[in-house]
Amino acid sequence: MTAARRFYVTTPIYYVNDKPHIGHAYTTLACDVLARFKRLDGFDVKFLTGTDEHGQKVEKSADAAGVAPQALADANSANFRDLAAALGCSNDDFIRTTEPRHVAACQDLWRVLVEKGEISLGAYEGWYSVRDEAFYGEDELTVGPDGAKRAPTGAPVEWVKEPSYFFHLSRWQDRLLAWYEANPDCIAPTSRRNEVMSFVKGGLQDLSVSRTSFSWGIPVPGDSAHVMYVWLDALTNYITAAGYPDTQGGAFTRWWPADLHMVGKDIVRFHAVYWPAFLMAAGLEPPKRVFAHGWWTNEGQKISKSLGNVIDPLMLIEKYGLDQVRYFLLREVPFGNDGDFSHRAMVNRMNGELANDYGNLAQRVLSMIGKNCAAQVPQPGALADDDRALLDAAYGLLPALRDALDRQMFHEGLEALWVVVRAANAYVDRQAPWALKKTDPARMATVLWVLAETIRALALLTQAFMPTASARLLDQLAVPEVRRGFDSFGAGHALAAGTPLPPPAGIFPRFVEVEQGAN
Ligand code: MSP
């Protein structure tokens, strides 16, 4: 397998101090769509997700709950694993930072950084936010309404003074800038790239990478009074899962550098500044790309535990269906921007684009074939211009989708698909196959074949977004499992006339609100 035909994609690993919410579901789903799409496109894929289990935040949450940090981590890590399953995620690995493989990887990376003179002992004195697990400079802070200093994220900060090892981040400013310049696609979207570059141009301070005031972390090799800074520990997960520290091993050479780290906009600095610096300092390659997506609000309001408006993804799936939720989250918002969740918007998209546009197209075409073509793929005659135009548009979708998804522009990809869905519906209306039934049955067969073949193309391409509904559609077109990869896309693999078809059944029900008070 050449490097070009493999794809290693990662989600951030989630803190175990909390229950999963829509933000976690969003990142994981986006990665799942990419992983599925690339597999269908013949790539060897590694899709990694997992949980971030160390650090002061988790230790404090465990204390507050009166349980040991490991017990809290065990319980909440299981919630994230269950969420991935409930989202239909096809992750190949689930890493936990308390696993021995990860502890070994972190300690090895530490030793390498020390050997190379990139880490040395000092003392930290400055601001720290436990909620963000981040150090802040005085000039970054603001004063909240209560008079207390706050991080740029709004999180409280505390003054920390303790012995600490430092990573000499300040030495990496020029090499980071050179890396950004040489790799225009390594941080996306552009607004985030600009933000990161101006942060780095503003000068970098050495980074405190160990703590002594608590113990829930990976011990620093040779100095067990210190535990590693949780972000150094957490970021390392991406190489642990690729087989580090065995850098000569087949796994590492096959998977590293990762093709894509998908993250939220709040953690881009860790991934696009600290992480490439750690890697380059250790003599390893930086990741190929970091994409930072936006944040969801709920019915116009910032999502927060204190407001009590956290959206539970399991509730959404139960109410609307998994494929519908997957579609909505990736269609509603241009990926990279912030977006607002509302039940109204969810129902509009489900009913308009899924039930009416896509579902209806499939339903009416398949039931006409069932009734009028002896439940077999119809026999097409010579194709007219109108037929060719629709098929060409459908066959043109694969390169369009590849391009959109290589840029993580999910909404663009879905928009392109729906242009063809709508064109197919307009073609049905224009060609009126129900009228041709009496006047020209041979032409009716051609029209229905063109439509069935268009639906085959659409269903192949919606698989990564809506795996269950797409599989049901492909079942109804009698497309065998082995013909569902993108090597079976296009005219060369078109539906064969005479293939028996199973009875059609609706794929996307209309959503009818039954509860009182929901909008
Ligand atoms: N543990 C770190 C990541 C370490 S990766 C080496 C962490 N965990 S987290 O659980 O707090 O957040 C995980 C992701 O959820 C982040 O990418 C964050 O941006 C995302 N989201 C949290 N709230 C969100 C929304 N309201 N909307 C969209 N994504 C959000 O950070």
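Rounded to a whole number, what % of the accessible area of the chain do carbon and sulfur atoms account for, probe 1.4 Å?
On the way: 10920 of 20730 Å².
That share works out to 53 percent.
Need one number: % antiparallel among DSSP beta bridges in the chain, to the nearest 5. Kindly include the intermediate steps, with their values, before the conclusion.
Working: 25 of 48 bridges.
Taking every DSSP beta bridge within the chain, about 50 percent pair in antiparallel fashion.
Arrange the residues K302, K57 by how much accessible surface each exposes, largest first, with a 1.4 angstrom probe.
On the way: K302 125, K57 30 Å².
Final ranking, largest accessible area leading: K302, K57.
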Spin-label pair A478/S306, simplified geometry with 7 Å Cα→Cβ offset, distance in nm: 6.3
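Translational diffusion coefficient, Stokes-Einstein: compute it for region 343-493 using the Kirkwood radius over C-alpha pairs as Rh, at 25 °C and 0.890 mPa s, and state it as an integer in µm² s⁻¹.
Calculated translational D: 155 µm²/s.
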Separation in nanometres of the label points that stand 7 Å from Cα toward Cβ, at S198 and T468: 4.5
Accessible area (Å², per residue) of region 59-145, counting only protein heavy atoms and a probe of 1.4 Å: 46
Accessible surface of H343 - all protein chains present, 1.4 Å probe, nearest 10 Å²: 40
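For E133, E140, give the ranking by accessible area with the largest first, probe 1.4 Å.
Details: E133 0, E140 50 Å².
Sorted by accessible area, descending: E140, E133.
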Extension gain from A4 to D74, taking 0.36 nm per residue of separation minus the Cα-Cα distance: 21.5 nm
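Find how much the distance from T253 to A382 grows on full extension, using 0.36 nm per residue of separation minus their present alpha carbon separation; answer in nm with one decimal. Don't jump to the answer; show the numbers that get you there.
Numbers: separation 129, 0.36 × 129 = 46.44 nm, distance 5.17 nm.
Contour length minus the Cα-Cα distance gives 41.3 nm.
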Residues with amide H under 5 Å from that of Q376, placed H, sequence gap 5 or more: L501
Residues with amide H under 5 Å from that of N298, placed H, sequence gap 5 or more: I303, F341
Stretch gain in nm, segment D246-S215, where the contour uses 0.36 nm per residue and the Cα spacing is subtracted: 8.4 nm
Per-q log10 I(q)/I(0), region 469-516, q = 0.21 Å⁻¹ (Debye; single scatterer per alpha-carbon; no solvent): -0.81
Range of Cα positions in the chain per principal axis (Å), largest first: 88, 55, 39
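The values are calculated or read from the model by the stated rules, or taken from the named source; none is laboratory data. Values in this document were obtained by computation on a predicted structure and should not be read as measured data. Cβ coordinates were reconstructed from backbone atoms using ideal geometry, including for glycine residues, and neighbour counts include every protein chain displayed. Heads up: the accessible areas ignore ligands, DNA and RNA and are worked out on the full protein's heavy atoms, side chains in. Shrake-Rupley method; radii C 1.70, N 1.55, O 1.52, S 1.80 Å.
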